[in-house]
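This report refers to the structure that appears directly beneath it.
Read-outs: derived from the displayed coordinates by stated rules, not from any lab. Everything numeric here is computed off the predicted structure, so don't read it as measured data. Cβ atoms come from the backbone with ideal geometry, glycine included; neighbour counts cover every protein chain shown.
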Amino acid sequence: MRKPKESIYKRYQPAMAPAEQEEGIGYWFIFRGSELLVHENGEQPALPVTSGPEPYGLQPVRSLYLGSIEQASCYTAELDTDAEAPSGMTFLPLFALYDQIDEDLFHLAGRGLQMLAWDATHQFCGRCGTPLDHAGHERSKVCPNCGLSHYPRLAPAVITLILKDDQLLLARAGHFKNNMYGLIAGFVEPGETLEDCVQRETMEEIGIKIGNIRYFDSQPWPFPHSLMVGFIADYESGEIQVDGEEIVHADWFGLDNLPNIPPRISIARKMIDWYIEQHS
């Protein structure tokens with residue numbers, strides 16, 4: 001459907017621990033909640049390149065190694081929620097840093113945020129309650145008592161651009177701000193294919209049938225641990241019906257009357273922009 005983005009793995013090498021020659025200064029993704037610590041360098045924020053949070057007078061709650069990007073080590077760290085930014089630095093929401101820092105570094109920051117959340121919520125075995133150990137050879141934890149392995153949590157979700165003639169369907173969720181409209185989306189259920197999920201979510205949220213479902217693209221969404229999988233589908237039958245709670249309004253829109261749409265960071269916006277480019 002669109003030219004694929006160049007893989008991050010052309011620059012980035014994941015690893016569990018740094019090689020001896022990599023130890024020392026590197027990129028540090030230092031979080032206070034979901035806010036990332038950056039230098040305030042004029043117009044563009046900059047990531048800390050340092051040996052850790054300690055030189056800034058900060059004590060991490062936890063820290064993890066992520067790998068290296070172009071031979072530069074990458075780490076992530078979590079601070080207490082009351083931590084204060086050092087002079088010349090500030091905490092900014094990760095969401096707000098899209099297009100403000102290198103795209104691959106932005107996605108690595110998202111990976112770091114997800115890994116910190118996983119580490120914080122997987123300290124004990126869910127089967128027997130024993131404290132977990134890091135596996136070492138892979139990104140997982142293992143219970144030394146019962147042997148159960150625990151992997152980082154991912155919640156796959158589908159998001160769908162639905163087309164009808166020269167219009168696209170946009171919906172306003174109850175939690176959307178600024179009268180924003182987006183695409184139909186929802187989490188995949190156990191035993192369900194991605195395509196089945198597209199059809200189910202569409203029927204549940206707006207009451208119409210769709211077909212000709214085709215893959216568009218995917219996007220990691222670390223808020224806190226989703227993977228968005230984008231599809232395009234064609235309208236087949238039915239009238240729009242919303243529940244008034246999860247979806248408060250939905251309608252067909254032409255390019256000449258688009259409402260307020262999601263920000264450019266989101267795959268929803270990328271899909272809408274693709275449609276606009278194809279029909280302009």
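A few notes on this one:
- Cross-link reach list, lysines versus K209, counting only Cα pairs under 17 Å and skipping chain neighbours closer than eight places: K164
- Fraction of antiparallel bridges per DSSP, the chain only, in percent to nearest 5: 75 percent
- Least to most buried among K5, K141 (fewest other Cβ within 10 Å first): K5, K141
- Look at the alpha carbon pairs under 8 Å that are at least 6 residues apart: their mean separation over the length of region 140-190 gives a relative contact order of 33 percent.
- The charge dipole of region 10-121, taken about the Cα centre with unit charges on the Cβ atoms of Lys, Arg (+1) and Asp, Glu (-1), comes to about 240 debye, rounded to the nearest 20.
- Spatially, region 183-201 and region 211-270 are offset by 13 Å when compared through their Cα centroids.
- Its Cα gyration tensor gives region 163-280 an equivalent ellipsoid; the semi-axes, largest first and in whole Å, are 19, 17, 16.
- Its relative contact order, with pairs defined as Cα atoms under 8 Å and 6+ residues apart, puts the chain at 15 percent.
- Degrees between helix 103-121 axis and first principal axis of the chain (Cα, 0 to 90, nearest 10): 70 degrees
- Rounded tilt (10° steps) of 194-206 against the dominant C-alpha axis of the chain: 60 degrees
- Local net charge near M180, Cβ-Cβ under 11 Å (Lys/Arg +1, Asp/Glu -1): +3
- Across the chain, Cα-Cα distances exceeding 33 Å account for 34% of all pairs.
- Radius, Kirkwood style, for region 110-200 when every pair of distinct Cα atoms is counted (Å): 16.6 Å
- Across G67, G147, G26, mean-square fluctuation computed from a Gaussian network of the chain (C-alpha pairs under 10 Å connected) peaks at G147.
- Sequence of E246, E201 once ranked by neighbouring C-beta atoms within 10 Å, starting from the fewest: E246, E201
- Basic side chains Lys and Arg get +1 at the Cβ, acidic Asp and Glu get -1 at the Cβ, and with that the dipole of the chain about its Cα centre reaches some 420 debye.
- Most fluctuating residue given options D256, D166, D119, as computed from a GNM of the chain linking Cα atoms under 10 Å: D256
- GNM top mover of F187, F124, F29 - the chain, alpha-carbon springs below 10 Å: F124
- Contact order normalised by residue count of region 155-278, Cα under 8 Å, 6+ apart, percent: 34 percent
- Each of A83, P93, P55 was scored by the projection of its Cα onto the charge dipole of region 10-121, and the greatest displacement toward the positive side belongs to P93; charges sit on the C-beta of Lys, Arg, Asp and Glu.
- Within the straight-line cut-off of under 13 Å between alpha carbons, the aspartates and glutamates reachable from K270 are D217, sequence neighbours fewer than 8 places apart in one chain being disregarded.
- Classified by the C-alpha gyration tensor, region 10-121 has a rounded form. Its axis ratio a/c, with a ≥ b ≥ c, is below 1.5.
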